[in-house]
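Here is the structure we will look at, set down as structure tokens.
The values are calculated or read from the model by the stated rules, or taken from the named source; none is laboratory data. Note that this is a predicted model, so its numbers are computed, not measured. As a convention, Cβ positions derive from the backbone with ideal geometry for all residues, glycine included, and neighbour counts pool all protein chains shown.
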Amino acid sequence: MKQLLLFIGAFLFSTLFYDKSIGLNLFLFSLVTLVVLFVNNQDDFKNKKTILYSSLYLITGIAVFFHDSLVAVIANFVSFFTLIGLLSEHKSSIYINWLNGLYTTIAGVFHRNFSVNEITQEVESKKQVDYIHLTKIILIPTIIVIIFIGLYQNGNPLFSNLIEKIDFSFINFQWLLFAGLGYYLFTNIHKPIEVEPATEIDLTTGNDLSQTNQFSIPKLKQENQLGIILISLLNVLIVIFLITDITFIASNIDIRASLFSDQVHSGINALIASIVIAIIILLYVFRGDINFYKENKTLKKLAFTWIVLNTTLVLSIAVKDFQYIYYFGLTYKRIGVLVYLILTVTGLITTLFKIDKVKNIWYLLRLNTKAAFIVLILASAINWDYHITNYNFNYAKSMDFNYLIELSNNNTFLLKEQAETKTMSQDSVQRIEEKYNKYVYELRTNSWQELQYDNLKLETK
């Protein structure tokens with residue numbers, strides 16, 4: 001029954017994806033994948049975490065159907081690896097889920113059927129399969145049958161005509177190869193596996209820091225003094241910077257866009273880098289026994305102050321980015337800055353908890369990779385091209401029309417509506433019409449596997 005399910009999955013895989021672009025097929029593949037995984041791992045699907053990750057996987061598939069964006073496709077792939085990795089080990093961290101999921105997808109069948117002999121360093125089969133006999137029963141009969149067909153063709157003209165009439169052109173060997181790829185994929189993932197020793201190390205590594213045997217009060221006193229001096233100076237420096245930065249923002253609300261653009265481009269990357277370095281410095285200062293030094297309260301207070309000030313710095317960067325968006329409109333780069341700032345604030349907050357609760361670096365890695373995964377899922381559910389276009393037409397002070405035209409087809413219908421309701425140059429209208437007509441042609445020629453939500457919208461127009 002399980003083998004039959006794998007063959008059905010392979011057939012559906014080739015039917016959905018062979019010579020097709022991405023659309024409805026990715027969501028249908030997500031459903032097929034969940035069926036294969038459920039049948040072979042029913043006990044795992046009683047776990048709430050498995051149900052949650054399965055739901056997120058389906059959501060990304062639906063997102064691809066509604067707006068075939070690169071972010072949604074990437075989120076679907078990442079969710080796929082996350083779910084496969086989760087089924088291999090429920091208690092592992094999310095980055096280990098990604099590792100296990102990727103490894104299972106690529107080499108699951110080899111891992112289950114072969115092992116490495118640690119003494120001889122040779123790959124050995126885990127199953128007793130007589131490969132020589134298997135080769136014999138396939139090759140020898142095939143060769144002998146071909147020889148006899150040739151002999152019989154020369155001995156009987158009617159038999160020769162019959163053989164010549166046999167036509168295998170109806171068989172699409174590329175489709176069969178694609179189905180073979182699907183079978184290999186489902187054979188790999190139907191029983192997810194763990195990567196060792198990475199999974200074991202992750203499971204046995206906690207989140208708490210422990211005092212080491214090298215605990216030395218004189219040495220820690222020196223470290224504490226160095227940390228206090230360093231972070232005090234950095235606090236003073238960031239306060240001075242924030243005062244000047246806030247003054248600049250407040251006094252240049254109506255500054256010309258070109259001048260503001262230069263300031264933002266030259267400053268944001270440097271400020272983001274400074275925040276990342278700030279986190280690294282804090283992790284270094286609070287890396288070990290200093291966390292257990294009783295006289296570290298002043299150092300901790302200074303560190304918390306610095307985290308709050310860096311969070312304020314993030315807000316000032318966000319204000320600049322919003323002003324930049326106000327003048328120039330939305331772009332993926334400007335949205336990316338905001339996403340990066342969200343992740344940066346998350347990093348600062350988790351760093352604060354790490355210091356306050358005496359946690360280790362694995363605690364930060366686990367929380368922040370999970371936060372990045374959540375942000376990716378949320379981002380995949382948004383049709384960014386549509387919202388970028390809508391904002392730039394209706395709210396931005398100035399707009400780069402060429403940028404909007406070069407976005408994906410997710411904004412095509414909106415561009416068409418804007419061309420019909422707003423005054424534009426003849427060239428702009430013509431370019432929108434060209435993009436619209438080309439997209440409509442693509443939608444009308446979509447096969448059922450490639451259907452998108454826009455196919456339904458087109459039918460209602």
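Looking at the range 207-242, which of its residues are over 15 Å from Lys300 (Cα atoms), assigned to a helix (DSSP H, G or I), without any contact (Cβ under 8 Å) to a residue 60 or more places away in the chain and within 38 Å of the chain's Cα centre (by Cα)?
Leu237
So Ala72 clears everything in (1) in contact with a Leu (Cβ under 7 Å, 6 or more places away or on another chain); (2) crowded, with 22+ Cβ neighbours inside 10 Å; (3) more than 15 Å from Asn97 (Cβ to Cβ) except one condition, right? Which one?
All conditions are met except number (1).
Condition check: within 15 Å of the chain's Cα centre (by Cα) and over 25 Å from Thr445 (Cβ atoms). Does Phe81 satisfy that? Talk me through it step by step, then tell me what you get.
Working: within 15 Å of the chain's Cα centre (by Cα): yes; over 25 Å from Thr445 (Cβ atoms): yes.
Yes: the conditions hold for Phe81.
Checking the conditions here, which among Asn446, Asn383, Asn394, Asn360 is under 22 Å from Ser69 (Cα atoms) and either touching a Lys or Arg at 6+ places or on another chain (Cβ under 8 Å) or modelled with pLDDT under 95 (or both)?
Values: Asn383 fails: either touching a Lys or Arg at 6+ places or on another chain (Cβ under 8 Å) or modelled with pLDDT under 95 (or both); Asn394 fails: under 22 Å from Ser69 (Cα atoms); Asn360 fails: under 22 Å from Ser69 (Cα atoms).
Just a single option satisfies the conditions, and that option is Asn446.
Are there helices (runs of 4 or more DSSP H) fully within the range 337-436 with at least 1 residues that are touching a residue at least 60 places away in the same chain (Cβ under 8 Å)? List them. Walk me through how you get there before you give the answer.
Numbers: elements: 361-380, 384-394, 401-405, 412-421.
Of the helices (runs of 4 or more DSSP H) lying wholly inside the range 337-436, those with at least 1 residues that are touching a residue at least 60 places away in the same chain (Cβ under 8 Å) span 361-380, 384-394, 401-405.
Return the pair list, or none, for Cβ contacts closer than 7 Å from residues in the range 94-117 that are at negative phi to residues that are part of a strand (DSSP E or B) and at pLDDT below 80, at least 6 apart or on different chains.
Asn113/Ser125; Phe114/Val123; Phe114/Glu124; Phe114/Ser125; Ser115/Glu124; Val116/Val123; Asn117/Glu124
Condition (residue is more than 17 Å from Thr199 (Cβ to Cβ), modelled with pLDDT under 95 and under 14 Å from the mean Cα position of the chain (by Cα)) applied to the range 52-69: is it met by at least one residue?
Yes.
Would you call Lys294 out of contact with any Lys or Arg (no Cβ under 9 Å at 6 or more places or on another chain), of a type in the set (Lys, Arg) and part of a helix (DSSP H, G or I)?
Values: out of contact with any Lys or Arg (no Cβ under 9 Å at 6 or more places or on another chain): yes; of a type in the set (Lys, Arg): yes; part of a helix (DSSP H, G or I): no.
Criteria not met by Lys294.
In the range 396-423, which residues are touching a helix residue (DSSP H, G or I) at 6+ places or on another chain (Cβ under 8 Å) and surrounded by fewer than 16 Cβ atoms within 10 Å (Cβ to Cβ)?
Lys397, Ser398, Asp400, Ser408, Lys422
Out of the range 437-454, which residues are of a type outside the set (Ser, Thr, Tyr), part of a helix (DSSP H, G or I) and crowded, with 17+ Cβ neighbours inside 10 Å?
Step one: list which residues in the range 437-454 are of a type outside the set (Ser, Thr, Tyr), which gives 437-438, 440, 442-444, 446, 448-452, 454.
Going one step further and asking which of them are part of a helix (DSSP H, G or I), we end up with 437-438, 440, 442-444, 448-450, 454.
Across the range 437-454, the qualifying residues are Val440, Leu443, Gln449, Glu450, Asp454.
Between a first residue in the range 264-283 that is within 18 Å of Trp306 (Cβ to Cβ) and a second residue that is modelled with pLDDT under 85, which pairs have beta carbons less than 8 Å apart while being 6 or more apart in sequence or on different chains?
none
Could you list, in sequence order, the residues of the range 1-44 that are in a loop (DSSP other than H, G, I, E, B) and among the acidic types (Asp, Glu)? Outline the logic, then answer.
Of all residues in the range 1-44, those in a loop (DSSP other than H, G, I, E, B) come to 1, 18-23, 41-43.
Hits for the range 1-44 are Asp19, Asp43.
Of everything in the range 288-335, what is basic (Lys, Arg) and free of Cβ contacts under 8 Å to residues at least 40 places away in the same chain? Give them in sequence order.
From the range 288-335, those basic (Lys, Arg) are 294, 297, 300-301, 320, 333-334; that's our starting set.
Result: Lys294, Lys297, Lys301, Lys333, Arg334.
Condition test on Asp262, is it surrounded by 15 or more Cβ atoms within 10 Å (Cβ to Cβ), under 24 Å from Gly329 (Cβ atoms) and either among the hydrophobic types (A, V, I, L, M, F, W, C) or modelled with pLDDT under 90 (or both)?
Numbers: surrounded by 15 or more Cβ atoms within 10 Å (Cβ to Cβ): no; under 24 Å from Gly329 (Cβ atoms): yes; either among the hydrophobic types (A, V, I, L, M, F, W, C) or modelled with pLDDT under 90 (or both): yes.
The answer is no for Asp262.
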